[in-house]
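The values are calculated or read from the model by the stated rules, or taken from the named source; none is laboratory data. All values reported here derive from a predicted model rather than from experimental measurement. Neighbour counts are summed over all protein chains in view; Cβ atoms, including those assigned to glycine, are modelled from backbone coordinates with ideal geometry.
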């Protein structure tokens, strides 16, 4: 969007959104963190929406525009001035109507310093959920360090409304520090740390789903869900805590988890041609998320089947990018049989994997997803199991998944970035 149009639209939308929120009587739940924001938001929604009227950010609409569009119940006009004119008129009328939701569930996404300030100037939360602080958005013009990321994201919990609640993953050292800066009565922590308010334990995961225990004082429940990966216990736990805090009973919460599925592109199993199965994590990739995905892949028993990791470049890592790709590459030989690396610094995955014991005949690098698709068409074997994980811009591994999925006509429902605006981007 051209800068002048962008500035004008943003100013108008902010004014209208704040005006609408003046009459909002429900609670605002804000979710932020370096990884897992959308999955955590959707888990909270899945549980709370069984008993409350909940409005949530659509998909991953977590930027300043995403928040405003959610509050005003309108779509984006992208770079089209005519479309924006229509949506702004619609937003004006919506700003005059009362939002009857009981809960407004928002993602607070930040890419650079002061992004959180803008979001909080629109909507301060009653409940703040922070998932983790890890290396993301470290490219030029973004954050300079993990400490900067922490300082920005921590603002969500430090700006709570009166009697607000912070829900923090205190297995993360940054969030453990943050928990000590907030009055104890206003914090509920979760994690495997024995000092957490809600303790995660007995985590088990396979291709059938996830099972773990969560305990608070003398209460302990077993959570089961058909989603993949033990690390997803950090996605479901804050949803459980939110629901308990708002008065829901365990039976209703646990039943909702059994029906929960992750958003597209986040560790979902997609059936492929020729008996192939793909674990689709094509929405994004970061060091911590990739590490957990590889851990899961290494734990999956596949008998004589080939385990193939299709890994795209991790974007927005700045000067640390190559080093972080090399570090993650060290794990690859123990997690899969074959590596297909795609784009830019993903070449370092191949270098590191070979250096750490992977046969150079089983590690391949391609500059783009088209080359990777062409290669795998000839390389495919019946019943391969693939982990497909990569970042967004310039990588686009959802195109790899779409090429080999059994029912490509379902792509719009099952895959990320299927809107015509995204599909048209090369």
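Tell me, please, whether a residue that is modelled with pLDDT of 95 or more, in a helix (DSSP H, G or I), crowded, with 22+ Cβ neighbours inside 10 Å and out of contact with any strand residue (DSSP E or B) (no Cβ under 9 Å at 6 or more places or on another chain) can be found in the range 47-57.
yes
Within the range 99-111, track down each residue that is touching a helix residue (DSSP H, G or I) at 6+ places or on another chain (Cβ under 8 Å) and either modelled with pLDDT under 95 or buried (at least 21 other Cβ atoms within 10 Å of the Cβ) (or both).
Hits for the range 99-111 are 103, 104, 105, 106, 107, 108, 109, 110.
Exactly one condition in (1) surrounded by fewer than 16 Cβ atoms within 10 Å (Cβ to Cβ); (2) farther than 30 Å from residue 79 by Cα is not met by residue 420; state its number.
If we test residue 420 against (1) surrounded by fewer than 16 Cβ atoms within 10 Å (Cβ to Cβ); (2) farther than 30 Å from residue 79 by Cα, just (2) comes out false.
Within the range 185-276, considering only strands (runs of 3 or more DSSP E) that don't extend past its boundaries, which have at least 1 residues that are without any contact (Cβ under 8 Å) to a residue 60 or more places away in the chain, under 27 Å from residue 416 (Cα atoms) and touching a helix residue (DSSP H, G or I) at 6+ places or on another chain (Cβ under 8 Å)?
Details: elements: 187-191, 198-206, 209-216, 219-225, 268-271.
Hits in the range 185-276: 209-216, 219-225.
If you go through the range 98-121 one residue at a time, how many are closer than 19 Å to residue 242 by Cβ, in a loop (DSSP other than H, G, I, E, B) and over 17 Å from the mean Cα position of the chain (by Cα)?
Of the residues in that region, 2 qualify.
Yes or no: residue 9 within 26 Å of residue 127 (Cα to Cα), part of a helix (DSSP H, G or I) and assigned by TED's automatic domain parsing to the domain that holds residue 240? Full working, then the answer.
On the way: within 26 Å of residue 127 (Cα to Cα): no; part of a helix (DSSP H, G or I): yes; assigned by TED's automatic domain parsing to the domain that holds residue 240: yes.
Criteria not met by residue 9.
What's the total number of residues in the range 67-86 that are closer than 14 Å to residue 6 by Cβ and crowded, with 20+ Cβ neighbours inside 10 Å?
Just the residues of the range 67-86 that are closer than 14 Å to residue 6 by Cβ, to begin with: 68-69, 76-81, 83-84.
Checking which are crowded, with 20+ Cβ neighbours inside 10 Å leaves us with 68-69, 84.
Summing the residues that are closer than 14 Å to residue 6 by Cβ and crowded, with 20+ Cβ neighbours inside 10 Å in the range 67-86 gives 3.
It is to be established whether one or more residues within the range 225-233 are assigned by TED's automatic domain parsing to the domain that holds residue 42 and surrounded by fewer than 17 Cβ atoms within 10 Å (Cβ to Cβ). First the steps, then the outcome.
Applying the first criterion (assigned by TED's automatic domain parsing to the domain that holds residue 42) to the range 225-233 yields 225-233.
So of that shortlist, the ones also surrounded by fewer than 17 Cβ atoms within 10 Å (Cβ to Cβ) come out as 226.
The answer is yes; a qualifying residue exists.
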